[in-house]
1. Given an 8 Å cut-off on Cα distances and at least 6 residues of separation, report the relative contact order of the chain as a percent.
2. Among rounded, prolate and oblate, which fits the range 3-88 when a ≥ b ≥ c are the square roots of the eigenvalues of its C-alpha gyration tensor, a/c under 1.5 means rounded, and a/b larger than b/c means prolate?
3. Exposed loop sites here are GluC sites (Glu not before Pro) in DSSP loop states with at most 10 other C-beta atoms within 10 Å. What is the longest stretch of the chain lacking them?
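The numbers here are math on the coordinates, done by the rules we state, and not lab data. Note that the structure is predicted; figures quoted are calculated from it, not measured. Note: ideal-geometry Cβ built from the backbone for every residue, glycine included; neighbour counts use all protein chains shown.
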Amino acid sequence: MSLRRLILTKTGQDVMRCRGCQLCNGEFSREQDIPLDSLIQLVIMNDEEVLTSRTLWSDEVLHCAREACIRELDLEKILLVLREEAVKRGLAKN
């Protein structure tokens, strides 16, 4: 199952709604290696790099993600599903 389909199935969030406007890219921390809009684009391309990114595992990013999208994507839910999938695949950061 693609990452996009996984997120859609588990959250009802369709990442195709992301338009790459970059408004979700706040100044988070050094823990972030991929901006949120780029992370979503990687999900759309089914690039598993997203599952090992520091951004995915940053609690600061997760905390700010819920209301970061002006298109009302719940980025917090999306990040949590991606974390769960990374754990399932044995790719979790410890």
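1. Reported relative contact order: 30 percent.
2. rounded
3. For GluC sites (Glu not before Pro) (loop position, at most 10 other Cβ atoms within 10 Å), the longest site-free span of the chain is 28-71.
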